[in-house]
Amino acid sequence: MSKLALLGGKPVIAKPLPPYPSMGKAEEEAVREVVRSGVLSGFYGSPGPEFMGGPKVKTLEAAWAKRYGVGHAVTVNSATSGLVAAMGAIGLGPGDEVILPPWTMSATAMAPLAYGGIPVFADVEDQTFCIDPESVIANITLKTRAILAVNLFGHPAALKRLRKLADDRGLYLIEDSAQAPFASEDGRRAGTVGHIGVYSLNFHKHIHSGEGGVCVTDDAKLADRLRMIRNHGENSAAEMAKGDLTNLVGFNLRMTELSAAVALVQLANIDAHVARREKLAKALSDGTRDLAGWTVPAERHGCRHNYYAWLVRFDADVVGVSRELFSKALAAEGFPHFIGYVAPLYRLPVFRQRKAIGRDGFPFTLSDRTYEDGLCPVSERLHEREAVLFEPCAFDADDALADKFVAAIRKVHENRKQLNAAGKA
Ligand SMILES: Cc1ncc(COP(=O)(O)O)c(C=O)c1O
């Protein structure tokens, strides 16, 4: 038994960790080409060919649609923008309810609020951490307009089941696939099962362009609405509208040529980028699966998990050490991680105080929904007691470093009695 670093021993991983090398020569050359062209954004917010963006944006959209096998890809400047545009595209209005999970990044729940919609929180499954279809069913009311599923940490939600649920009840299924660029369920890519799927190209993701997002859909009308909302659509509706393109307010959610050029290079290498993260996560799972009280991420049958995060469920009763103390010991060994993810979103002041827009509490003035603790017990338990989270997207971990991560976890686990005794002393 070697002495734990927390108790004065030598850490397993001493050096600063290498960050993931996401940018290479090809990205650099792509940016130079755009700079040399002098056109850093090709959009005009008025009718005409430039309404759809510049050459890089158009090329990226065509390449993305082909790669994902969808009718339309509409780029935006972030996944947050994409989620907001999606809410506008489906015609969400004040008081309409959108069912979504509370264990996700806050942008998921802010998107409906932007249109006066009411987020309704359904709990997550404790195996995949994605929205639980049973909890969705329990929350459907006459006001429900959409289900906003999140493919959390890179694992697809129960998408086929959710789409059927939505279709049977005349609801929209929107997918927040910000963290799951290449996940799949039974061969269908996450993001392409819902009416609209949204991906993120933000710095921390598998592939990125600094900031950026892509919406995908097979529905031509939804695609048109997304494009109008992205680019001051009210200016162009009279001339460009094919059918009903009123009832929307346009913004500037446009992607620059610079971002599109980088994203094009990244998209061409998406298999390699995703595979690297999957390999690291697999090494961690295989190397620690046997540890008691340490449940490595599940992969539902037929699903591909992209491992934006590798999230372990820690059982303090079985390990015999508190999660906090175990975490301190892991950190001392040099294993980078967090405990918990985000607190269930209904704890945010915007929900607790039921005030989003203006002084009177709009849109909650249109709803009886309240946001107390206990709403989603699985999310609360995972966050407060069980989750230990590692970010495969953050590090350039070769096999040797992956082995050290495993060794660090195993060392703390093996020495848990020593750790517990020291914690009590
Ligand atoms: C689940 C989820 N949704 C939405 C977003 C927002 O993405 P963006 O930063 O591109 O706006 C993120 C970003 O981390 C996310 O993790």
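The values are calculated or read from the model by the stated rules, or taken from the named source; none is laboratory data. Everything numeric here is computed off the predicted structure, so don't read it as measured data. Cβ: placed from backbone, ideal geometry, glycine included. Neighbour counts: every protein chain shown.
Number of residues in the stretch 219-249 that are modelled with pLDDT of 90 or more and out of contact with any Ser or Thr (no Cβ under 8 Å at 6 or more places or on another chain) equals 9.
State which residue is farthest from the chain's Cα centre (by Cα) when the search covers only the stretch 291-321 and only residues that are surrounded by 18 or more Cβ atoms within 10 Å (Cβ to Cβ) and among the basic types (Lys, Arg). Checking each candidate, the answer is Arg313.
Looking at Thr192, Thr217, just one residue is surrounded by 24 or more Cβ atoms within 10 Å (Cβ to Cβ), β-branched (Val, Ile, Thr) and away from the ligand (no atom under 12 Å from the Cβ), and that residue is Thr217. Of the residues in the stretch 154-165, at least one is within 11 Å of the ligand (Cβ to nearest atom), within 13 Å of the chain's Cα centre (by Cα) and part of a helix (DSSP H, G or I). Residue count for the stretch 293-313, restricted to those that are touching a residue at least 40 places away in the same chain (Cβ under 8 Å) and out of contact with any Ser or Thr (no Cβ under 8 Å at 6 or more places or on another chain): 8. Listed conditions (1) among the acidic types (Asp, Glu); (2) surrounded by 23 or more Cβ atoms within 10 Å (Cβ to Cβ); (3) under 23 Å from Ile196 (Cβ atoms) are all met by Glu257, apart from (3).
Return yes when Ser41 is hydroxyl-bearing (Ser, Thr, Tyr), in contact with a Gly (Cβ under 8 Å, 6 or more places away or on another chain) and either at pLDDT below 95 or within 23 Å of His204 (Cβ to Cβ) (or both) and no when it is not. It is false that Ser41 is hydroxyl-bearing (Ser, Thr, Tyr), in contact with a Gly (Cβ under 8 Å, 6 or more places away or on another chain) and either at pLDDT below 95 or within 23 Å of His204 (Cβ to Cβ) (or both). Within the stretch 195-213, count every residue that is near the ligand (Cβ under 10 Å from one of its atoms) and not in a loop (DSSP other than H, G, I, E, B). Residues meeting the conditions: 4. As a summary of the residue check, Ala316 satisfies the conditions (1) under 20 Å from Met23 (Cα atoms); (2) in contact with a helix residue (DSSP H, G or I) (Cβ under 9 Å, 6 or more places away or on another chain) except for the one numbered (1).
The number of residues in the stretch 395-425 that are touching a residue at least 12 places away in the same chain (Cβ under 8 Å), part of a helix (DSSP H, G or I) and exposed (fewer than 14 other Cβ atoms within 10 Å of the Cβ) comes to 2. Of all the numbered requirements in (1) within 30 Å of Phe182 (Cα to Cα); (2) outside any helix (DSSP H, G or I), Ala292 misses one, and that requirement is (1). Touching a residue at least 12 places away in the same chain (Cβ under 8 Å) and more than 16 Å from the ligand (Cβ to nearest atom), is that true of Arg359? In short, no. Cβ separations smaller than 6 Å between residues 6+ apart or across chains give the following pairs from the stretch 113-140 residues that are touching a residue at least 12 places away in the same chain (Cβ under 8 Å) and acidic (Asp, Glu) to residues that are surrounded by fewer than 24 Cβ atoms within 10 Å (Cβ to Cβ) and in a helix (DSSP H, G or I): Asp123/Ser135; Asp123/Val378; Asp126/Val378.
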